[in-house]
Amino acid sequence: MKNIYFLSDAHLGSLAIPHARMQERRLVNFLDSIKHKAAAIYLLGDIFDFWHEYKTVVPKGYTRLLGKISELTDMGVEVHFFTGNHDLWVGDYLQEECGVTLHTKSSVVDIYGSLFYLSHGDGLGSKDRKFKLLRGIFHNRLCQRLFASIHPRWGMAFGLEWARHSRMKREDGKEPPYQGEDREELVIFAKDYLRSHPDINFFIFGHRHIELDLMLQRTCRMLILQEECGVTLHTKSSVVDIYGSLFYLSHGDGLGSKDRKFKLLRGIFHNRLCQRLFASIHPRWGMAFGLEWARHSRMKREDGKEPPYQGEDREELVIFAKDYLRSHPDINFFIFGHRHIELDLMLQRTCRMLILGDWISQFSYAVFDGEHLFLDSFIEGESQP
């Protein structure tokens with residue numbers, strides 16, 4: 001029988017937490033350590049310090065966590081995501097892209113024959129009218145739609161600053177300590193709920209950022225859970241020494257091209273002012289325009305595919321590589337993308353050129369072991385990359 005895990009309140013992205021990257025890595029390392037032991041993982045809210053999903057855009061960051069959650073669900077581990085008071089504006093992204101089961105309210109779940117009452121815990125047992133009013137506003141669909149019309153540059157900044165202010169107005173930026181059975185709101189709520197639902201075996205909450213394990217009755221316990229991509233970016237072609245061989249690496253767009261229209265468009269797309277102007281467009285329209293532009297660009301070609309290899313005298317990337325090699329004869333390998341064709345060509349006795357194909361229909365890649373470079377294709381269930 002595999003284990004069931006519960007955690008909450010990571011508050012990833014918080015402006016009040018100085019070690020955000022380390023914090024996310026620690027959470028991801030924990031999830032990785034339990035992936036073969038877990039039947040299900042319940043994330044009980046406030047995993048993100050602020051989360052707001054737009055129709056085509058989600059918040060920047062969290063790639064390590066989202067990738068690990070996707071890996072877990074792909075392995076068959078159930079991941080249940082409960083919204084908290086900081087990340088309640090979750091749409092369908094986590095369900096559709098990461099495979100989580102989304103819970104927007106408290107749930108009673110049968111786990112291995114025991115009944116669990118699971119909830120983030122915000123608002124339960126609270127008599128604070130101001131908090132209830134704010135919670136009602138945040139959960140209101142009209143308010144959510146109005147907020148979605150704000151450009152994320154300001155909307156996300158406002159949300160994260162609100163969350164930071166909410167934390168920092170407390171003493172030392174921490175939640176107050178346990179208030180005792182007669183004053184702790186979640187304990188009061190659990191005891192009251194238990195009177196009408198005596199078959200509950202466990203209550204598990206987040207929200208309070210304190211660690212509590214309390215016997216409510218002989219057959220019922222209550223727990224409060226305490227809180228719990230590093231790539232190198234290249235924006236232009238690079239010459240890299242790998243195991244003593246010199247590689248010229250580039251996506252390849254624009255290299256060797258004499259198409260003036262393409263060069264003009266490429267210049268516009270790479271212009272910093274144009275990029276900033278485009279960033280000021282709300283993503284609801286900006287992303288839709290960009291995706292439609294890309295679709296149109298692909299579909300105007302025959303069958304939506306790149307033209308086949310044009311031969312050494314006409315293939316622009318081959319022409320570029322040969323020309324570059326004349327002034328840089330020490331290059332051992334040219335590796336390009338962009339063309340969506342597979343090509344392995346000897347340019348000289350000590351120099352080869354590869355075009356990598358794509359991951360749309362060919363699923364091809366290159367491997368260099370320090371001595372040999374070769375193209376291969378990934379066939380699911382057969383390949384061992």
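The values are calculated or read from the model by the stated rules, or taken from the named source; none is laboratory data. Nothing here was measured: the structure is a model prediction, and the numbers come from that model. Cβ: placed from backbone, ideal geometry, glycine included. Neighbour counts: every protein chain shown.
For E161, state whether it is within 19 Å of the chain's Cα centre (by Cα) and either closer than 30 Å to R195 by Cα or not hydrophobic (A, V, I, L, M, F, W, C) (or both).
For E161, the condition - within 19 Å of the chain's Cα centre (by Cα) and either closer than 30 Å to R195 by Cα or not hydrophobic (A, V, I, L, M, F, W, C) (or both) - is not met.
Scan region 80-92 and tell me whether some residue there is closer than 20 Å to I41 by Cα, aliphatic (A, V, I, L, M) and surrounded by 15 or more Cβ atoms within 10 Å (Cβ to Cβ).
yes
Return the pairs, sorted by first residue and then second, in which the second residue is modelled with pLDDT of 90 or more and of a type in the set (G, A, S), the first residue lies in region 3-30 and is over 18 Å from F81 (Cβ atoms), the beta carbons are less than 7 Å apart, and the residues are 6+ apart or on different chains.
Listed pairs, sorted by first residue: N3/A38; N3/A39.
What do you reckon, is G370 outside any strand (DSSP E or B), in contact with a Phe, Trp or Tyr (Cβ under 8 Å, 6 or more places away or on another chain) and on the phi > 0 side of the Ramachandran plot?
So G370 passes the test.
Modelled with pLDDT of 85 or more, of a type in the set (S, T, Y), under 30 Å from V367 (Cα atoms) and surrounded by 13 or more Cβ atoms within 10 Å (Cβ to Cβ): is that true of Y243 in this structure?
no
Filtering region 297-340 down to residues that are of a type in the set (S, T, N, Q) and either in contact with an Asp or Glu (Cβ under 7 Å, 6 or more places away or on another chain) or not in a helix (DSSP H, G or I) (or both), which residue is nearest to D369 (Cα to Cα)?
My answer is N332.
State yes or no: is R135 over 19 Å from I41 (Cβ atoms) and loosely packed, with under 14 Cβ neighbours inside 10 Å?
The answer is no for R135.
Let me confirm something: among L343, L354, L347, L373, which residue is farther than 30 Å from R295 by Cβ, of a type in the set (A, V, I, L, M), surrounded by 12 or more Cβ atoms within 10 Å (Cβ to Cβ) and modelled with pLDDT of 90 or more?
When all the criteria are applied, what remains is L347.
Give the residue, chosen from S126, S196, that is at pLDDT below 75 and of a type in the set (S, T, N, Q).
Result of the check over S126, S196: S126.
Step by step: first the residues of region 96-131, then only those that are surrounded by fewer than 14 Cβ atoms within 10 Å (Cβ to Cβ) and in a helix (DSSP H, G or I), then the one that is farthest from the chain's Cα centre (by Cα). Which residue is that?
Going through the qualifying residues, I end up with R129.
Give all pairs with beta carbons closer than 9 Å in which a residue from region 37-59 that is over 16 Å from G121 (Cα atoms) meets a residue that is modelled with pLDDT under 85 and of a type in the set (S, T, Y); count only pairs at least 6 apart in sequence or on separate chains.
Every condition considered, the pairs that remain are F50/S14.
Among the residues of region 137-153, how many are part of a helix (DSSP H, G or I), within 22 Å of the chain's Cα centre (by Cα), more than 17 Å from D49 (Cβ to Cβ) and of a type in the set (A, V, I, L, M, F, W, C)?
The total comes to 1.
Based on what the data block shows, is D344 among the acidic types (D, E), in a strand (DSSP E or B) and over 27 Å from the mean Cα position of the chain (by Cα)?
yes
Could you tell me whether Y309 is among the aromatic types (F, W, Y) and at pLDDT 90 or above?
Yes: the conditions hold for Y309.
Looking at F368, F289, which is the one that is farther than 30 Å from G155 by Cβ, surrounded by 11 or more Cβ atoms within 10 Å (Cβ to Cβ) and among the aromatic types (F, W, Y)?
F368
Out of all the residues in region 325-340, is one or more buried (at least 16 other Cβ atoms within 10 Å of the Cβ), over 36 Å from the mean Cα position of the chain (by Cα) and hydroxyl-bearing (S, T, Y)?
No, region 325-340 contains no residue that is buried (at least 16 other Cβ atoms within 10 Å of the Cβ), over 36 Å from the mean Cα position of the chain (by Cα) and hydroxyl-bearing (S, T, Y).
Kindly provide the set of residues from region 36-80 that are farther than 25 Å from F289 by Cβ and in a loop (DSSP other than H, G, I, E, B), ordered by number.
The answer is H36, K37, G45, D46, I47, D49, F50, Y62, M75, G76, V77.
Looking at region 306-361, which of its residues are in contact with a Cys (Cβ under 7 Å, 6 or more places away or on another chain) and polar (S, T, N, Q)?
Of everything in region 306-361, just one residue is in contact with a Cys (Cβ under 7 Å, 6 or more places away or on another chain) and polar (S, T, N, Q), namely N332.
Since L134 meets every condition but one in (1) touching a strand residue (DSSP E or B) at 6+ places or on another chain (Cβ under 7 Å); (2) not in a strand (DSSP E or B); (3) not charged (D, E, K, R), which condition does it not meet?
(1)
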